[in-house]
Amino acid sequence: MGSSTTAGAPDRSTRTVRRSRLSDLVDSERSLGYLLVAPVVLLLLVLVAYPFSVAIGYALSDRTLADPGVFVGLENFVLLWESSIYRQTLRNTFIFTAGSVAIRLVLGVGLALLLNESFRFRRAVRAAILLPWIVPTVLGTMAWLWMFNPNFSVLNYILVQSGLMEHGFNWLTDPDLALFSVLLVNAWRGVPFMAITVLAGLQAIPHDLYDASAIDGAGKFQRFRYVTLPLVMPVLLTALVLSIIWTFSDFGIVYGLTKGGPMNATHVLATLSYQTGLASGNIGEGAAISLTMLPVLLVLIIWQLRRIRRSTVA
Amino acid sequence: MTQDRSQAHVSRRKLLAGAAAAPALSLATPSIAQGTLKGTKLTILAGQWYVPQTNTLLDQLAADLARDSGMEIRVERFAGDELMTKTASVIGTGRGADLAVGVEFDTYVYAAKLNDVTDLADEVGKNYGGWMDAAKAASMVGGRWKSLPIGQAPAAWNWRTDMFRAAGVDKFPDTFAGLLDAAKKLHAKGTPIGMTLGHASGDGRSTNYPVLWAFGGKEFEADGRTVAINSPGTLAAVEWYKEIYQYFIPGTTAWLDPDNNQAFLASKVSATVNVNTIYLASRAAAATDAARKNIVDNMDHANWPSGPAGRFANYNINVWLPFASSPNKAGQREFLKAWYSRTFLPKWTKVGQSYFIPQLAGFDSEDVWPEDPKLKIFRDLNKINRLPGYGGPPTPVAAEAVNKYILVDMFAKACTGQLTPRDAVAWAEKEYQQIARRRSRT
């Protein structure tokens with residue numbers, strides 16, 4: 001009887017059993033954990049893991065835009081190493097990253113300490129400091145392009161008109177200065193992030209600690225060395241690692257200012273990878289160039305993750 | 001520049017009427033019955049050509065063809081590198097478009113993914129007096145036409161007649177030795193010349209390849225694989241460049257595409273290599289801008305000087321890329337036929353004012369050339385274009401060398417003293433060989 005009336009639909013007892021199983025699943029902390037994490041894992045698999053594994057596959061092949069190519073193992077990396085342009089690019093990338101991050105670190109921390117002090121219009125200044133970070137990369141780069149222009153540099157105009165120099169600097173013409181110029185623009189863009197992040201860390205330090213150290217006779221430098229620095233260090237390190245990763249893979253500033261010139265003096269891995277992989281259609285080699293960054297970034301990411309885990313456990 | 005709508009409008013009926021009067025009928029005669037493409041779609045990827053009327057005419061052609069054929073046609077426009085990435089995406093996925101505007105290298109890079117349009121190319125060639133050699137090099141792979149040439153924007157020497165006169169040079173030099181001599185005089189007068197030696201994707205190649213060829217240098221042998229850059233001709237070119245560089249305006253090794261235009265417009269240089277956009281833009285603004293009027297009145301365009309091996313120029317050739325993945329091959333062909341019809345192509349060429357010129361020999365005697373005497377030289381420049389990769393075709397190896405600015409950097413390294421001329425040539429040879437070796441795997 002029941003079978004005729006319930007054809008195609010579960011009877012009450014079946015529904016109860018299913019509801020109960022679902023309830024058990026949700027009630028189990030372990031299962032619920034997996035359930036809640038599943039969407040994130042899925043997104044990571046689709047948006048990160050899949051493209052990443054595809055990129056590795058490309059780097060190990062001689063694929064071009066029109067040809068799927070064949071597996072060539074590490075040949076792309078070996079051949080790349082023979083290219084003077086690649087070796088120069090690798091060197092540029094490390095100088096670019098180290099130089100830019102050093103400037104970000106010094107100016108960012110300095111700026112954060114200043115912004116942590118009380119002064120008039122502090123909020124407005126804090127907001128204004130963020131401008132280089134907020135402005136779209138292309139727009140900022142265009143402004144710097146005008147300032148560094150080989151024939152119309154406004155910076156040179158000021159230097160010459162004020163009598164400080166006779167001709168001004170060859171900002172983008174001299175190979176060494178050109179690399180410094182592009183890393184300067186990268187640092188200009190990154191300083192606000194460093195400053196605001198460190199500032200957030202500074203504001204989380206209880207003022208009692210400063211009062212206590214002052215009572216103990218600590219001067220300004222000692223307060224910075226023994227109170228501020230240790231307490232702001234976790235935030236500082238996080239900002240530092242993120243800055244290194246972003247600078248290492250920067251594309252827009254170099255491409256906008258020099259396209260890697262003059263004479264490849266400012267090429268970084270991202271711009272060379274674009275030139276090789278997309279502009280020239282040599283996908284395999286382009287992927288190999290971009291994956292050069294992987295070991296360095298991987299070490300940094302693993303170190304950062306372990307540090308975060310340790311601090312979370314603690 | 002204002003758009004003349006009546007001029008821009010090209011209806012299918014007018015197109016057919018024109019075809020009836022033309023000696024060769026096949027291109028303008030519809031090969032399909034009207035409306036048989038109804039329900040089909042055609043997506044065309046294009047950039048923005050500099051002269052606005054050329055873009056308007058493309059849109060109008062698409063609209064007219066859509067109305068008469070029943071086909072839904074969409075022209076999607078992309079700025080700069082975006083077109084290249086979109087085309088690469090269509091090639092990779094096999095979806096997204098049926099036709100695209102590309103450049104000569106794309107024909108070689110994507111040859112396997114493009115439809116064979118040899119019959120159409122033959123027909124177009126027959127109707128317009130034959131394709132020029134550069135056009136064949138741009139679109140033929142393995143003896144088959146895998147793209148159809150649209151046109152090229154020739155780069156000329158833009159020079160200031162008043163500044164040259166003031167330096168005691170009455171006309172633009174006809175030899176490289178003469179150009180060097182003029183550069184010295186102009187430098188002494190405080191009005192130096194400037195040639196782009198930076199990573200400028202357009203001016204970098206159009207400025208530097210002609211110097212190489214004029215002195216007898218070449219990148220490859222005829223097979224397109226054997227590197228031939230290290231030769232006495234190349235060395236002579238590098239040595240000439242190193243000498244003339246001393247008399248340039250400072251900063252040319254950092255010049256990107258806009259920089260020579262800006263320097264010329266600001267009267268900071270007396271001569272530079274560029275397409276006719278400096279002149280066209282100045283002429284358009286001359287009525288309201290005295291400085292621009294001064295430029296227009298005192299500038300002219302000149303052909304390349306002749307070197308020991310001859311007179312050559314270089315500019316990329318835009319081509320139609322017919323994607324093999326297109327489900328609408330009939331529509332693709334119909335559009336191309338309309339594009340090359342006698343009622344469209346000459347008109348499109350004429351409104352382009354020699355900014356874009358198809359490489360069809362018969363056009364030399366047709367009414368497609370601008371009346372302005374300062375634009376006349378482009379007719380001659382159109383005939384001397386060579387493509388990167390010479391003595392071979394513009395293969396992916398040549399494309400990668402262009403994209404990596406190997407030739408530009410070879411000159412720049414010698415000019416700035418980073419390397420001796422001989423070492424600069426040896427450096428370039430090594431880079432060329434490495435690219436060729438890597439590419440030989442595919």
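Nothing in this text is a laboratory measurement; each read-out follows from the coordinates by a stated rule. Computed from a prediction, not measured in an experiment: that's the story for all the values here. Cβ placement follows ideal geometry from the backbone for every residue including glycine, while neighbour counts extend to all protein chains displayed.
Please give the calculated 222 nm ellipticity per residue for chain B, where each DSSP H segment of at least 4 residues contributes -39500 (n - 2.57) and the sum is spread over every residue; nearest 500 deg cm²/dmol?
My calculation for chain B gives -13000 deg cm²/dmol from helical runs alone.
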remark   = With the charge dipole of the range A:79-313 built from beta-carbon charges (+1 for Lys and Arg, -1 for Asp and Glu) about the Cα centre, the Cα from A:102, A:164, A:234 projecting farthest to the positive end belongs to A:234
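Let me have the relative contact order for chain B, percent, based on Cα pairs under 8 Å that are six or more residues apart.
On the way: 845 pairs, mean separation 110.4, N = 442.
With pairs under 8 Å counted, the relative contact order is 25 percent.
Say the cut-off is 24 Å between C-alpha atoms; which of B:113/B:136; B:113/B:430; B:126/B:347 go over it?
Values: B:113/B:136 19 Å; B:113/B:430 31 Å; B:126/B:347 18 Å.
In this structure, B:113/B:430 exceed 24 Å between Cα atoms.
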message = Please report Rg (one decimal) and Dmax (integer) in Å for the Cα set of chain A.
response = 27.2, 105
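Restricting to the protein assembly as shown, compute how many DSSP beta bridges are antiparallel as a %, nearest 5.
Numbers: 25 of 36 bridges.
Antiparallel bridges make up about 70 percent of those DSSP assigns within the protein assembly as shown.
Under the definition of partner shielding as Cβ atoms of other protein chains within 10 Å of a residue Cβ, what is the mean value for peptide A:59-66? Could you put the intermediate results ahead of the total?
On the way: counts 0, 0, 2, 5, 1, 8, 10, 13.
Mean inter-chain Cβ contacts per residue within 10 Å come to 5.
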Cα lying deepest toward the dipole's positive end in the range B:327-396, options B:390, B:354, B:332, charges on Cβ = B:332
ask   = Alpha carbon centre of the range A:170-234 versus the range B:151-227: separation in Å?
value = 51 Å
remark   = Proximal lysine pairs in the range B:205-344, meaning Cα under 27 Å and 8 or more positions apart or interchain, come to 4
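Given the alpha-carbon gyration tensor of the range B:179-232, what are the semi-axes of its equivalent ellipsoid in whole angstrom, ordered largest first, with each equal to the square root of 5 times an eigenvalue? Intermediate results must be reported in sequence, preceding the final value.
Numbers: eigenvalues 171, 41, 9 Å².
That gives 29, 14, 7 Å for the three semi-axes.
If each DSSP helix of 4+ residues adds -39,500 (n - 2.57) and the sum is divided by the residues in chain A, what number results at 222 nm, nearest 500 deg cm²/dmol?
On the way: 18 runs with 219 residues, N = 314.
Mean residue ellipticity at 222 nm (helix-derived): -21500 deg cm²/dmol.
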key: Restricting the range A:234-314 to chymotrypsin sites (Phe, Trp or Tyr not before Pro) in coil, as DSSP defines it, with at most 15 other Cβ within 10 Å   = A:251
query = Among B:378-388, B:257-267, what's the highest-first ranking by average C-beta atoms within 10 angstrom per residue?
reply = B:378-388, B:257-267
message = Of B:307, B:262, B:285, which is farthest towards the positive pole of the range B:232-356's charge dipole, taken about the Cα centre with +1 and -1 on the beta-carbons of Lys, Arg and Asp, Glu respectively?
response = B:285
query = Give me the Kirkwood hydrodynamic radius of the range A:11-59 in Å, from all C-alpha pairs, to one decimal place?
reply = 13.3 Å
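Would you mind working out the magnitude of the charge dipole of the protein assembly as shown relative to its Cα centre, with +1 at each Lys and Arg C-beta and -1 at each Asp and Glu C-beta, to the nearest 20 Debye? The partial results should precede the final answer.
Working: 73 positive and 60 negative charges, 319 e Å.
Computed charge dipole of the protein assembly as shown: roughly 1540 debye.
Summarise the long-distance tail of P(r) for the protein assembly as shown by giving the % of C-alpha pairs beyond 36 Å. Walk me through the numbers on the way to the answer.
Numbers: 152209 of 285390 pairs.
Above the 36 Å cut-off, the protein assembly as shown has 53 percent of its Cα pairs.
Let me spell out the model: positive unit charges on the Cβ of Lys and Arg, negative unit charges on the Cβ of Asp and Glu, origin at the Cα centre of the range A:79-313. What dipole size does that give, in debye rounded to 20?
Numbers: 16 positive and 10 negative charges, 138 e Å.
For this selection, approximately 660 debye.
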